[in-house]
Amino acid sequence: MPLLTVQNLSKAYGPHRVVDVPAFALEAGAQVALRGESGSGKTTFLHLIAGILAPDAGRIELAGREVAALGEAARDRLRAETIGYIFQTFNLLQGHTVLENVELGMAFGRGVDRAHAEALLKRVGLGDKLGHYPRQLSTGQQQRVAVARALANRPKLVLADEPTGNLDTRNSREALALIREVCRENGAALLLVSHDEGVLGQFEQVQDFAALNQASVP
């Protein structure tokens with residue numbers, strides 16, 4: 001039984017169909033990259049999987065539960081407990097410290113575990129930055145906070161949306177290696193979307209989003 005299955009999933013904005021995916025599956029612990037250009041609908045696809053957006057039609061089953069059939073509160077709870085999301089822009093709260101950013105992510109899931117938050121931040125090389133604010137960190141360090149926050153609730157699935165898009169080549173390579181390693185250590189599946197061939201080339205499993213998404217067919 002795959003961790004994630006998608007069937008006949010569709011989403012449109014007005015007359016413009018963005019996502020039309022007949023079938024997709026992801027096994028527990030797998031690490032898969034989706035190749036897609038900007039504007040191809042891959043971010044919308046991740047948002048649908050995460051329950052951030054509601055589909056127009058179709059079925060998303062995650063860890064044995066149908067996401068689209070849940071009410072908003074139940075969907076939020078499933079996302080908090082089952083999914084870690086790494087955004088391209090990091091989405092860190094500027095008025096909170098590094099440690100508080102990770103703890104706030106925990107607050108929406110199983111509850112705050114300061115020892116676990118500190119251990120994760122040490123694992124990503126930020127053990128001496130717990131009291132710093134995002135503005136005091138380099139871009140690469142902010143990405144590491146985002147990785148720690150995404151893993152804080154011990155998710156079964158990590159979604160990564162162009163997670164290295166704001167990093168230089170060296171930091172991009174290091175961040176990607178870190179994301180993959182921490183996911184393996186925590187037993188989390190990883191679904192990453194990118195248009196960067198340097199990123200995609202580091203994955204053993206790469207799928208073209210255009211081949212999955214019939215909305216991309218003229």
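Just so it is clear, none of the values below were taken in a lab; they were calculated from the coordinates. None of these values were measured; they are calculated from a predicted model. Note that each Cβ is placed from the backbone with ideal geometry, even for glycine, and that neighbours are counted across all protein chains shown.
General observations
- In terms of the mean number of neighbouring beta-carbon atoms within 10 Å, the peptides 79-87, 192-200, 5-13 order highest first as 79-87, 192-200, 5-13.
- Total lysine pairs under 30 Å (Cα atoms) in the chain, excluding pairs fewer than 8 apart on one chain: 5
- Label-point gap, in nm, between Q207 and A119 - each point 7 angstrom along Cα→Cβ: 3.3
- FRET efficiency, 1/(1 + (r/R0)^6) with R0 25 Å, evaluated for N8 and N166 via beta carbons: 0.15
- Net charge dipole size for the chain [Lys, Arg +1 and Asp, Glu -1 on Cβ; Debye, nearest 20]: 380
- Segment V112..R135, full-extension length gain: 5.9 nm, with 0.36 nm per residue of separation and the alpha-carbon distance subtracted.
- What separates the Cα centres of the range 114-167 and the range 1-59 is a distance of 25 Å.
- Rounded, prolate or oblate (a/c below 1.5 giving rounded, otherwise prolate when a/b exceeds b/c) for the range 1-42 by Cα gyration tensor: oblate
- With the highest mean first, a sort of the peptides 67-74, 172-179 on other beta-carbon atoms found within 10 angstrom per residue produces 172-179, 67-74.
- Beta bridges by DSSP in the chain, antiparallel share as percent, to the nearest 5: 45
- The packing ranking, built from the mean of other Cβ atoms within 10 Å per residue, places the peptides 37-48, 128-139 in the order 37-48, 128-139, highest first.
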